[in-house]
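The values are calculated or read from the model by the stated rules, or taken from the named source; none is laboratory data. Model, not experiment: these values are computed from the prediction. With ideal geometry, Cβ positions are generated from the backbone for all residues, glycine too; neighbour counts draw on all protein chains shown. Areas reflect the complete protein model, heavy atoms only, side chains present, ligands, DNA and RNA absent. Shrake-Rupley method; radii C 1.70, N 1.55, O 1.52, S 1.80 Å.
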Amino acid sequence: MSSKANENLTGPWAWLRKVRLSGKSALALEIVLVALAYALAVYIRVQPILEIGPYFTSDDPLFHYRLTKYLIENGKLPEKDFMTWFPWGTHGTGLFVENVFPVFHYYLAAFLYKALLSLGMNFDLFVFCSYLPAFFGPISCVIVYLIGRIVWNKYVGVFAAFFLSLNTGYLSRTIGGFFRHEQFAVPFILATVLFFILSVKEDSELKTSVYASIAGLLLGVSAGLWKGFRFLVGGISLFLFFLIITGKLNKKLTFSATVTLIVGLAFTLILPHEANYILKPDALVALSSIVSSMTYLLLEKEEYIKRVLASLVAGAVFFLILWYLVGTFFTGRIMYVLSPFREEKPGDVTITVAEHVGGLFLSRNVGIALLLSIPGFYLVLKSRKMFEVFLAWLTVLSFYFMVNMPSRITVLFSPFITLIASVTFSLAIDKFKDGWRITWLLFDRQMKKKKLRMKLKRPNFGPLKFPSFMLIVLLLSLLVNGVQGYEVSATYHEGLSPYRLDGGEWVSACRWLKDNSSRLDIIMSWWDYGYLIQTYGERTTLIDGATTNFSLIREVATAFMSSEEEAWKFCNKFNVSYVVVDMYRELSVGTNYPLVSGVWIPMAFISKKISSTSFGEVSKYIRIERDRIYPTQLAYETTIFRFAIATDSLRFFKLVYKTEPYPVFVFKVVRPE
């Protein structure tokens with residue numbers, strides 16, 4: 001630009017012309033922005049703790065806290081946990097593994113806790129476990145930045161980091177107090193994706209091998225943290241089949257995928273809870289995809305159609321032979337993730353769990369990201385670049401699983417949808433840069449004309465109008481997402497008093513049990529409250545939130561929905577000393593519409609007293625007259641209803657403790673002297 005042009009610029013325009021970031025300054029700004037995204041994510045997630053103090057979001061974190069505490073105090077996990085599922089207990093780290101949980105998050109949490117203690121930070125373990133998800137979960141923001149930067153550009157990476165930090169779908173399972181598997185597992189799953197991509201992009205064979213091996217190890221660690229790792233095993237396997245069909249498979253990607261899958265699957269053999277995973281259908285599909293890929297490469301001189309068909313047939317034959325010899329079927333919750341066509345069968349425990357309820361989850365959790373991802377998907381399909389398509393495929397696959405089980409899988413879907421949505425932001429940046437370049441190009445041309453030179457005081461920013469509008473819309477959507485995330489975080493603690501260490505009616509009831517019962521006493525409650533009783537009351541329960549023994553859950557449900565005498569016989573069968581009932585959650589006592597809803601409905605469904613949870617079936621137990629609700633005669637005959645409406649006339653149970661205003665009742669089983 002000429003000096004006369006520079007002189008003719010007034011106000012901020014001359015300064016704007018000189019603004020340019022490059023090299024180290026641009027990289028430094030990226031690092032600062034990503035660090036800010038992480039800090040913002042942490043800040044939002046610790047808000048409930050700062051508001052009410054350390055707490056847990058639900059009953060599940062109590063179980064994980066109890067086992068982490070056991071590990072720290074004893075140096076190992078229990079080989080058998082006798083505080084639950086009396087009289088059988090559950091397996092801890094033994095080799096018979098049907099009902100064993102992933103265990104790596106206990107070791108990881110214990111390691112981090114001891115590391116802080118060694119640095120002189122004397123946290124109480126409950127406080128530490130409450131804060132940990134808020135600090136560990138946001139690590140995914142850094143990883144999606146790296147993935148976005150490597151696959152697309154720095155704009156995608158930075159925007160994805162901020163988008164994920166504020167995304168309510170991801171926040172819901174990584175908020176402070178949510179001490180479970182997911183906040184540990186998702187960063188490791190994303191790191192697996194990152195190193196898998198790096199292994200294919202690397203030119204050096206040595207680095208390719210190293211990165212692919214790291215990806216496999218990270219996949220194995222993910223398996224030790226959460227069963228959600230199976231999503232990535234299936235994602236990579238099916239992507240290999242896709243590349244075979246489209247004729248895009250190459251040697252390097254086949255090598256990287258083979259190393260990643262083989263190392264990851266081999267790692268599962270040493271995990272107690274996944275020792276037989278290699279026999280599962282999805283693991284066999286992974287091995288079959290490797291066989292198909294190898295066949296495809298070996299037949300490189302054959303015609304395309306013959307090559308593809310031979311490869312697919314080889315993989316199919318390999319799968320069928322292995323599955324016939326040693327294969328097993330999908331069972332339980334995995335089927336609920338895989339199949340959207342689920343029938344409500346009477347007595348099915350799984351579908352009564354709120355987290356297992358399917359349905360499209362287009363709420364504020366993912367709605368904004370889905371809308372912004374539409375242009376992103378278009379650009380990915382238009383470019384047809386391998387890893388852009390790969391990430392789009394993982395997004396679609398995780399969306400499918402999320403629809404089937406939204407509460408649990410949204411945390412896995414969120415990082416991928418934010419990456420695709422961030423491609424839209426990159427498009428807006430590119431359009432803005434083009435508009436900026438055109439603006440100054442036109443300005444320079446106009447300055448060369450004498451008639452315009454004296455009249456021209458500033459550039460014509462017309463080419464920037466639409467790109468600026470796009471950027472404003474995207475930034476506003478990010479702001480809205482942030483406001484929603486903050487609102488969710490700020491109100492998350494409401495109704496969570498049972499999971500606070502410093503109070504709440506449930507804590508009071510459990511402490512009463514601890515002070516007034518024997519350590520040998522067995523406690524009966526609905527499965528939702530087993531972890532509370534085990535952790536705060538330090539007493540053994542029949543069932544809990546693990547929902548591993550469906551037959552015992554059905555027996556407990558039947559006892560609650562049967563006559564008082566039948567319930568008493570059941571208690572004697574299992575030597576139960578106390579029964580704990582949450583009147584608010586089980587019978588809606590204390591609400592404007594008692595008895596209409598509550599856990600008693602799943603109890604009736606599981607015990608097969610009703611064939612569905614529709615009002616037509618529920619009306620067997622309640623009737624509504626003139627806006628008032630009355631129990632039917634059938635309801636009067638059930639133990640759970642008698643606990644609420646005939647407390648003083650019970651024959652086989654005696655109310656020994658109750659809390660107010662939130663009604664938790666403790667009944668002692670009456671036995672003859």
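Structure above, values below:
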quantity	calculated
Accessible area of segment 51-188 belonging to carbon and sulfur atoms, whole % at 1.4 Å probe	64 percent
Sites residue 303 and residue 27 - FRET efficiency at Förster radius 41 Å, r taken between beta-carbons, to 0.05	0.25
Value of relative contact order over segment 380-421, rounded to a whole percent, pairs C-alpha under 8 Å and six or more apart	37 percent
Cα-based Lys proximity count in segment 558-673, under 22 Å, for pairs eight or more positions apart or on separate chains	12
Fully extended contour minus Cα-Cα distance, from residue 262 to residue 348, at 0.36 nm per residue	27.4 nm
Phi-based couplings in Hz for segment 191-208 (Karplus 6.51, -1.76, 1.60; Gly and Pro marked x)	5, 4, 4, 4, 6, 5, 5, 4, 5, 7, 6, 6, 7, 6, 5, 5, 5, 4
Estimated FRET transfer efficiency when R0 is 60 angstrom, pair residue 550-residue 250 (beta carbons, to 0.05)	0.80
Ordering of 649-659, 420-430 by burial proxy (mean other Cβ atoms within 10 Å per residue, highest first)	420-430, 649-659
Accessible surface of segment 532-582, 1.4 Å probe, proportion on carbon and sulfur as whole %	46 percent
When the convex hull of its Cα atoms is projected in every direction, mean area for segment 64-220 (nm²)	12.0 nm²
Highest average packing first - 199-205, 259-265, Cβ atoms within 10 Å	259-265, 199-205
Among the listed pairs 248/385; 76/514; 207/301, those beyond 21 Å (Cα-Cα)	76/514; 207/301
Highest-first arrangement of 609-620, 207-218, where packing means the average Cβ count within 10 Å	207-218, 609-620
5 angstrom amide H check on residue 522, placed H, neighbours 5+ away	577, 578
Per residue, in Å², the accessible surface of segment 611-673 once ligands and nucleic acids are set aside, probe 1.4 Å	62 Å²
